[in-house]
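To start, the structure under review is shown below, and the notes come after it.
The values are calculated or read from the model by the stated rules, or taken from the named source; none is laboratory data. All of these numbers come straight from a predicted model, not from anything done at the bench. Positions of Cβ are generated from backbone atoms using ideal geometry, with glycine treated the same way; all protein chains shown enter the neighbour counts.
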Amino acid sequence: MPDLIASLLVTTSLVIFFFGASVLIYHTPIIITFSGVWKKDTRSGSACIMWGPGAICVSPGTGGLQAVIRIHRSDLYQLPIQSSQEGEKDQAEPAQVSPEETEPKKDLRGLLSFIPLIQKIIPLFLTHFRFERVTGTVWVGAGDPVTTALVFGYYHALTPFCRIFCSTVLIPVFDQLILEAELTGGFRILCPVGLITRVIRRILPDILSMHDIPAPAFLKKGGTSG
């Protein structure tokens, strides 16, 4: 009897654990953020793709474009994507392009056949996308105090309508012509696993029909309704 109770407890714990993990994975969004600095002496930016505790960030560095893998905001591994020396070499020695490569693509009709598929998945993406609020600071100077004050007044007049997706701070500079910014924004994909599943179920029958392949039975039974 104690062995039966122990086995039931272990089985129940495993079921609860895997069920909770599945729900967590299903509902964990993918967050894509962009940040940049545009100033007179500094121009930089970065893009990050975050899913749960993990993230991959791409940003320019002193040696070229760098990708960083992070866990809980701690850098684990850095991967150079493109070095500045390679970029200079490409500029110094342009690649020779054959005449055949410069001709228009002959399979344009094949690419156009995918337009109906794109039209089908756009509504799915719209239901799973949410824009993140743009935050940061913007310094604006129109060169004279009057015009700068007008721009500043228009900004505050439109602020109530933009609070949903924008909460930037505008700082007027009355004595010079300037436009500098430090901004962060992005968007998130809600239930990415569910989005991928729905996209596959919606467009897979059409892709199979293009290649004269019969669609599986589970896709025909309402699987393409979205």
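Please indicate, with yes or no, whether at least one residue in region 194-205 is surrounded by fewer than 13 Cβ atoms within 10 Å (Cβ to Cβ) and modelled with pLDDT under 85.
no
List, please: which pairs have Cβ atoms under 8 Å, are six or more places apart or on different chains, and start with a residue in region 193-210 that is in a helix (DSSP H, G or I) and end with one that is polar (S, T, N, Q)?
Partner pairs satisfying both residue conditions: R201/T224; R202/T224; P205/T224; M210/S113.
In this structure, is T168 of a type in the set (V, I, T), surrounded by 15 or more Cβ atoms within 10 Å (Cβ to Cβ), at pLDDT 90 or above and out of contact with any Phe, Trp or Tyr (no Cβ under 6 Å at 6 or more places or on another chain)?
So T168 fails the test.
Quickly run through region 23-43 and pick out the residues that are modelled with pLDDT of 85 or more and of a type in the set (S, T, Y).
T28, T33, S35
Please determine, by comparing only the residues of region 140-165 that are surrounded by 15 or more Cβ atoms within 10 Å (Cβ to Cβ) and outside any helix (DSSP H, G or I), which one is farthest from the chain's Cα centre (by Cα).
A142
Is it the case that region 20-37 has a residue that's assigned to a strand (DSSP E or B), touching a helix residue (DSSP H, G or I) at 6+ places or on another chain (Cβ under 8 Å) and not acidic (D, E)?
yes
Give the residue, chosen from Q66, Q82, Q96, that is out of contact with any Cys (no Cβ under 7 Å at 6 or more places or on another chain), at pLDDT below 75 and surrounded by 13 or more Cβ atoms within 10 Å (Cβ to Cβ).
Exactly one residue qualifies, and that residue is Q82.
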